[in-house]
Amino acid sequence: MWDTGNTAFMLLATSLVMLMTPGLAFFYGGLVGRKNVLSIMMQSFVSMGFTTVLWYVVGYSMCFSGTLGAHSDLFGGIIGNFDMAFLHGVTVTTPSGMTPNIPLMVFIAYQMMFAIITPALITGAFTNRVRFPAYMLFLTLWLLLVYFPFVHMVWGGGLLASWGVQDFAGGIVVHATAGFAALAAVFYVGKRKVADSQAHSIPLVALGTGLLWFGWYGFNAGSQFKVDGVTALAFLNTDVAASFAGMTWLLLEWKTSKKPKFLGLLTGSVAGLATITPASGYVTTQSAVLIGIAAGLVCFFAVQLKNKRGWDDALDVWGVHGVGGCLGVILLGVFADTAVNSSGVNGLILGNTSFFLIQLGVTAGASAYAFIFTYGMLKIINFITPVKVEQSEEVVGVDISLHGEEAYV
């Protein structure tokens, strides 16, 4: 009944995407100061547990179980229904709707890993400044009212899918929404009173980058949901774009600071990974080279702009993931080529102006929604429980003041 090759591949891809969240914890943990390592890492790891619970209870159903109010215009393809809450009706013999020769359970697990890492990305922007109870409320509401609707609209057969929007592995759904939510959080919580002077462990950042890069093969290649030529294309494009972006960032920072910086190489590589994500299975490898170079350039200068404006996006979530994700979706609108993937569409350079405009408009709309909703949501959460840590807690370090633990003794 099941294609054992495709099923085994998707189980491997699911495991790789799961590994990205610990990788993100190491990446972020190395970037903060010694007194704040555990807090930022815990925010990633707690998403692994809590998001799994929420995904089981309602998340999968809200994303992939048909449209709520399907026979009316009330929700217009914005969110799924609750028919499969608590994974109702899912058995070991239930096939995946997207790839019928793999079990639905595998598809559920794979998509759950995306749900886990997406809100965790945001935490790098407000490191050292948000209390844990407020973060748990943020995690819950953001998944329910931002992530789940966009998954349904883009990948669950909802509104944006009906418009012809393309997003191979999460430029809109993951990176644009998380990146602009991060920027809103930065504006709401303000600057740190006690800023970390520098990354406390660049080797830890390198470990995290390696795990992220490794896991990203599952993130992108796995989004084909079977093993074929497009799977191989997405795999190769992922590596090529990350490499060209990392080298571009390295050269730019070398020119501006007069020294080649390891941290710049690592950051640029992650920017390339984020930027190629929506396009990885829809463009040629030659286009992936250009996308990687563009990612290194645009994301580098986005971070420079952030620094110039004084935005305390501590770990450059907006500049790397927000700008990178948006850039990738827009460049997909430019470079998409049905010659490499017949299930996609042609982009602007092949004469399809309307697709480019759709990608551009949806990118702007999704980013704006994520920003506005997140800012408003944080204000509401603050009425329930304080969002920001006290200055005295920042001075001591949030590991001790919030969690009573230390990374290094």
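Quick notes on this structure:
- Residue ID - surrounded by the fewest Cβ atoms within 10 Å (Cβ to Cβ), chosen from residues in the range 381-399 that are without any contact (Cβ under 8 Å) to a residue 60 or more places away in the chain and either part of a helix (DSSP H, G or I) or of a type in the set (G, A, S) (or both): F383
- Residue in the range 38-51 that is without any contact (Cβ under 8 Å) to a residue 24 or more places away in the chain and of a type in the set (G, A, S) present: yes
- Breaking point among (1) closer than 30 Å to P386 by Cβ; (2) in contact with a helix residue (DSSP H, G or I) (Cβ under 6 Å, 6 or more places away or on another chain), for P133: (2)
- Residues being open to solvent by less than 50 Å² (accessible area, probe 1.4 Å) and under 21 Å from L24 (Cβ atoms) - total across the range 207-230: 14
- First in the range 367-380 and closer than 12 Å to A178 by Cα and free of Cβ contacts under 8 Å to residues at least 60 places away in the same chain, second anywhere and open to solvent by less than 10 Å² (accessible area, probe 1.4 Å) and in a helix (DSSP H, G or I), Cβ under 8 Å, 6 or more apart: none
- The residue list L250, L233, L265, L273 contains one member that is surrounded by 19 or more Cβ atoms within 10 Å (Cβ to Cβ), in contact with a Pro (Cβ under 7 Å, 6 or more places away or on another chain) and part of a helix (DSSP H, G or I), which is L250.
- Only one entry in G361, G319 is open to solvent by 40 Å² or more (accessible area, probe 1.4 Å) and not in a loop (DSSP other than H, G, I, E, B), namely G361.
- Those residues of the range 190-205 which are of a type outside the set (G, A, S) and either open to solvent by 10 Å² or more (accessible area, probe 1.4 Å) or without any contact (Cβ under 8 Å) to a residue 40 or more places away in the chain (or both), in sequence order: K191, R192, K193, V194, D196, Q198, H200, I202, P203, L204
- Cβ pairs under 6 Å, 6+ apart, first in the range 106-131 and farther than 17 Å from T177 by Cα and assigned to a helix (DSSP H, G or I), second acidic (D, E) and open to solvent by 10 Å² or more (accessible area, probe 1.4 Å): none
- Assessment of the range 338-345 against the conditions (among the polar types (S, T, N, Q), touching a residue at least 24 places away in the same chain (Cβ under 8 Å) and assigned to a helix (DSSP H, G or I)) yields no matching residue.
- Residue check, V205 under 16 Å from K261 (Cα atoms) and in contact with a Ser or Thr (Cβ under 9 Å, 6 or more places away or on another chain): yes
The values are calculated or read from the model by the stated rules, or taken from the named source; none is laboratory data. Remember, predicted model here, so these are calculated numbers, not experimental data. No Cβ is skipped: glycine too gets one built from the backbone with ideal geometry, and neighbour counts run over all protein chains shown. The area values use the complete protein model at the heavy-atom level, side chains included, leaving out ligands, DNA and RNA. Shrake-Rupley method; radii C 1.70, N 1.55, O 1.52, S 1.80 Å.
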